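Novice: The following block contains the structure, expressed as structure tokens.
The values are calculated or read from the model by the stated rules, or taken from the named source; none is laboratory data. Please read all numbers here as calculations on a predicted model, not as lab measurements. FYI the Cβ positions are ideal-geometry reconstructions off the backbone, even for glycines, and counts take in every protein chain you see.
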Amino acid sequence: MEKHACAAAAPLSEIQNSENLNCRNQNQENYRTPTAEGDAEILRKMLRFRAWHRGTREMDLLIGSFADLYLGQFNQADLLIFQEILTHQDPDVYDWVIGRATPPVELNSRVMELLCAHRFAGSCS
């Protein structure tokens, strides 16, 4: 059985050679964000995962609970806007949600309005 060149973790010295870098670049080029209408369910699952794995527990709870509540109702355009929101850093998104900063014009949408109105009400125990 032949091992794929990218399957094994390479030592640091080997990572610097062009063969390993090319392998990493090929993996990134092969990645396709689901955007077609038929891929909506795949996109929902991907966005739900990304919403619950933001980097800070506070944003995981806020964005993750929002995703659980609304992703099933979103159309394709809403999903793509939410995907774009998730590309921004946690402090920026948090500032938009609490009203400390204004979101970029291209994100002004029904999704952003719902997110800014969303309140996480988890238990304190």
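Novice: State whether one or more residues within region 1-8 are at pLDDT 50 or above and either touching a Cys at 6+ places or on another chain (Cβ under 6 Å) or not β-branched (Val, Ile, Thr) (or both).
Specialist: To start, the set of residues in region 1-8 that are at pLDDT 50 or above comprises none.
No, because not a single residue in region 1-8 is at pLDDT 50 or above and either touching a Cys at 6+ places or on another chain (Cβ under 6 Å) or not β-branched (Val, Ile, Thr) (or both).
Novice: When residues of region 83-106 are filtered for being farther than 14 Å from MET59 by Cβ, outside any loop (DSSP other than H, G, I, E, B) and either β-branched (Val, Ile, Thr) or in contact with a Phe, Trp or Tyr (Cβ under 8 Å, 6 or more places away or on another chain) (or both), how many remain? Spell out how you get there, then give the answer.
Specialist: Initially, region 83-106 is screened for residues farther than 14 Å from MET59 by Cβ, giving 83-84, 99-106.
Still in the list and also outside any loop (DSSP other than H, G, I, E, B): 83-84, 105-106.
Restricting the remaining residues to those that are either β-branched (Val, Ile, Thr) or in contact with a Phe, Trp or Tyr (Cβ under 8 Å, 6 or more places away or on another chain) (or both) gives 105.
Here the count works out to 1.
Novice: Could you check how many residues of region 81-101 are within 18 Å of GLU41 (Cβ to Cβ) and surrounded by 17 or more Cβ atoms within 10 Å (Cβ to Cβ)?
Specialist: Within region 81-101, the first condition is being within 18 Å of GLU41 (Cβ to Cβ), and the residues that meet it are 81-83, 86.
Still in the list and also surrounded by 17 or more Cβ atoms within 10 Å (Cβ to Cβ): 81-83.
Summing the residues that are within 18 Å of GLU41 (Cβ to Cβ) and surrounded by 17 or more Cβ atoms within 10 Å (Cβ to Cβ) in region 81-101 gives 3.
Novice: Further, regarding this structure: Out of all the residues in region 47-69, which are in a helix (DSSP H, G or I) and surrounded by fewer than 18 Cβ atoms within 10 Å (Cβ to Cβ)?
Specialist: So the first thing to find is which residues in region 47-69 are in a helix (DSSP H, G or I), and the list is 47-52, 57-69.
Listed by number, the residues that qualify are ARG48, PHE49, ARG50, TRP52, ARG57, GLU58, ASP60, LEU61, SER65, ASP68, LEU69.
Novice: Applying the selection to region 34-70, what residues are aliphatic (A, V, I, L, M) and closer than 20 Å to TYR94 by Cβ?
Specialist: Selection gives LEU47, ALA51, MET59, LEU61, LEU62, ILE63, ALA67, LEU69.
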